[in-house]
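Read-outs: derived from the displayed coordinates by stated rules, not from any lab. Every value quoted in this text rests on a predicted model; they were computed, and no experiment measured them. Reconstructed Cβ throughout: ideal geometry from the backbone, glycine too, with neighbour counts over all protein chains shown.
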Amino acid sequence: MTWVLPFLYSDRRGKYAPKEAVKSTYRRQRAVDVLFLRLSVKQVMIQVEGLTKYYGDHPAIVGLTFHAGVGEILGFLGPNGAGKTTTMRILTGYMPPSSGTARVAGYDVVDQSLEVRRRVGYLPETVPLYPEMSVVEYLEFMGSLRRVKKLDERIEAVLEEVSLEERAGSFIGNLSKGLRQRVGLAQALLHEPEVLILDEPTIGLDPAQIIEVRKLIQEIGRSRTVLLSTHILSEAQQVCDRVLIINHGEIVVEDSPGNLQAQLAGAERLIVVTASETAELARLLERLPGVAEVKQGMNEGEVQVTCTAGNDVRPLIARKVVEAGMDLLELRPVGVSLEDIFLQLTREEAAPPVEA
Amino acid sequence: MRNVWIIASREFRQYFISPVAYAVAASIYLILGGIFFINIYFAIRGSQIDPDGRIVLGPLVTILLFATPAVTMRLLAEEHRMGTLELLLTAPVRDWEVIVGKWLGAFGFMLVIVAFTWVYPYILNRMTDPGIDQGILVSAYLGLVLLLSTMLAIGVLISAMFKNPMAAFFVALAILLVLWIVGSLGSGAGVGSQIAGSLSLVDRYYNNLYRGIISLPDVLYFVSLTILALVFGSQIVESRRWR
């Protein structure tokens, strides 16, 4: 961005102004502008282009292209075997891609692997721990390999972050799965990486811990770049700024969780529950303008109404139901959940449902 | 270079909390002590043997043939199986630093074990008059250290190839045994047997250093074989990334 700036100042080179003064004004102005640019333009931390990886003849990922900026939490969503872990392994410098390029913090993952590895914190799917070491010993080992300055203070801080202070002296082998996961997370955070790559960070944790870890990730995500994979959709919905759904090694869709929902929900759907018979209710609602489809609900007296786009038929339905002498018990819209979208997108030519 | 040291010191400390290392150390001292006792016993009974440092070092070398694969088997195979190799390979550490660090840690541990065997020549020296041949002792121990470094490097190389420590143990043992007995082919006159003879791990040791002859080709043989094994080991770690 910055190299275009000198052209912007060509008009400021006044003919009569002394040379030195012009230079210094120019320099000051430029510095301010560069600073402003840096603040306003989101720096791209992960840039992936046409990334492909073959295991033998089998393609794990094919032509992935995406990016992530500073302060962004990018969710990697997909069924098992979709290529999430492979992509992360390439980004962390564990393995090179078959083709395509990936840059992390501006460094190429193949040519400048060490620079990339210095700037990335990585929590693999199987948490890599040495069971016969204590938590502190383990962090000291990793910290010294990563040349962390003021290591003792950092370890203390990071243990507090993942709330493990009380187990600092315990052997990792004696810790529960949830605690081990947190040790792994502590390891990934230890060197204050610019990019954090987490492969299913909440797997194996209990609900309370999951909430804690998510909160932690969100906090970190404010100032760093986080790439996390998950197959729990509500997690992606809660934590991520942007979701990337990947299936069979290809990106199926990329958007914010909110947009995804809105975009794929299409027409609005309503649930209508009355105390009357379903068939009767369905017959009544089918005739209303703005109603596209009426389906039987789960219980007697319950139907699911699909409206044509842009029509709010709720007042009409309420009126008609009451006019028909039925007791309206419930009338509520149902959003399409990310689960539905996920299944819809990742299901490849699913067999048509067999009607019994 | 600092990474090598960090990995080596972790590995070194690791040995002292793992049961394998204590089992290796205990068996070495047990066998060595027994043989030492028997030797001294027969010497005192008036047989013709003239005890020097070799009554300790001869059996020690044979024990090390089995001990080194046991010490090196888990070095990389275990890391690979546990998934911790992913941790090391995504840390800012070069592949060769991992291999050399592992080797150095094992080497340090074995040196500690070997250092304690000095106690036998010391006892021997006190018992005999005018004492044992110090030159042979020093030369033989130097040879032992060189031999050890080579055997450990081969062990590390094999460990890098496997995910299962037991497989690494047996393959390393087999390779060391082949290098052990290949010397017996060297008694012939042909070029082939000469090559076989010069490849032999123990002939190099027993024929020269063990007898108090320190020659440059022998030292170079051990050092270059060590380096070669470590280079191959690094290549194997790197090739794992490409799979």
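List of remarks:
- Protection-proxy order for peptides A:215-228, A:320-333, A:290-303, each taking the mean of Cβ atoms within 10 Å per residue, highest first: A:215-228, A:290-303, A:320-333
- Given charges at Cβ of Lys, Arg, Asp, Glu: the protein assembly as shown dipole, positive-most of A:VAL322, B:ILE136, B:ALA196: B:ILE136
- Note, ³J(HN,Hα) from phi for segment A:228-236, Karplus 6.51, -1.76, 1.60, rounded to Hz, x at Gly and Pro: 10, 9, 7, 10, 8, 6, 5, 5, 4
- Per-residue Cβ neighbour rank within 10 angstrom, fewest leading, B:TRP242, B:TRP118: B:TRP242, B:TRP118
- Nearest-20 debye value, the protein assembly as shown charge dipole, Cβ charges on Lys, Arg, Asp, Glu: 2300
- Kirkwood hydrodynamic radius (C-alpha pairs) into Stokes-Einstein, segment A:266-336, 20 °C and 1.002 mPa s, D in µm²/s: 183
- Scattering from segment B:57-117 was approximated by placing one identical point on each alpha carbon and applying the Debye formula without solvent; log10 I(q)/I(0) at 0.21, 0.23 1/Å stands at -0.86, -0.96.
- Point-to-point label distance, B:TRP242-B:ARG2, nm (Cα→Cβ direction, 7 Å offset): 3.2
- Calculated diffusion of segment B:1-121, Stokes-Einstein form, Kirkwood radius summed over Cα pairs, 37 °C and 0.692 mPa s, µm²/s: 203
- Ascending count of other beta-carbon atoms within 10 Å, so fewest first, for B:ILE38, B:ILE158: B:ILE38, B:ILE158
- Once the Cα atoms are used to define both axes, helix B:95-116 deviates from the longest principal axis of chain B by about 20 degrees.
- Size of chain B from its Cα atoms: along the principal axes, largest to smallest, the extents are 63, 48, 30 Å.
- When only the Cβ of Lys, Arg, Asp and Glu is charged (+1, +1, -1, -1), the dipole of segment A:195-278 relative to its Cα centre reaches about 260 debye.
- Farthest toward positive dipole pole in segment B:18-133 [+1 Lys/Arg, -1 Asp/Glu at C-beta], among B:LEU30, B:ALA70, B:ILE99: B:LEU30
- For the protein assembly as shown, average projected area of the Cα convex hull in nm²: 47.1
- Taking the square roots of five times each eigenvalue of the Cα gyration tensor of segment A:44-255, the equivalent ellipsoid has semi-axes of 28, 19, 16 Å, listed largest first.
- Near A:TYR54, the amide H atoms lying under 5 Å from its own belong to A:ALA60, A:SER98; only residues 5 or more places off or on other chains count, and H is placed 1.01 Å from N.
- Dipole moment magnitude, nearest 20 debye, segment A:44-255 about Cα centre, only Lys, Arg, Asp, Glu C-beta charged: 260
- Nearby aspartates and glutamates by direct alpha-carbon distance to A:LYS295 (threshold 20 angstrom, same-chain neighbours under 8 apart not counted): A:GLU268, A:GLU277, A:GLU280, A:GLU286, A:ASP312, A:ASP327, A:GLU330, A:ASP340, A:GLU355
- The angle between the Cα long axis of helix B:216-241 and the longest principal axis of the Cα atoms of chain B comes to about 20 degrees, rounded to the nearest 10.
- Value of [θ]222 nm, deg cm²/dmol, for chain B, DSSP H segments ≥ 4, -39500 (n - 2.57) each, nearest 500: -26000 deg cm²/dmol
- Comparing B:ILE44, B:ILE31, B:ILE175 in a Gaussian network model of chain B (Cα springs below 10 Å), the most mobile by mean-square fluctuation is B:ILE44.
- Entries in A:LYS84/A:LYS215; A:LYS177/A:LYS215; A:LYS84/A:LYS177; A:LYS149/B:LYS163 that, when Cα-Cα distance is taken, lie over 25 Å: A:LYS149/B:LYS163
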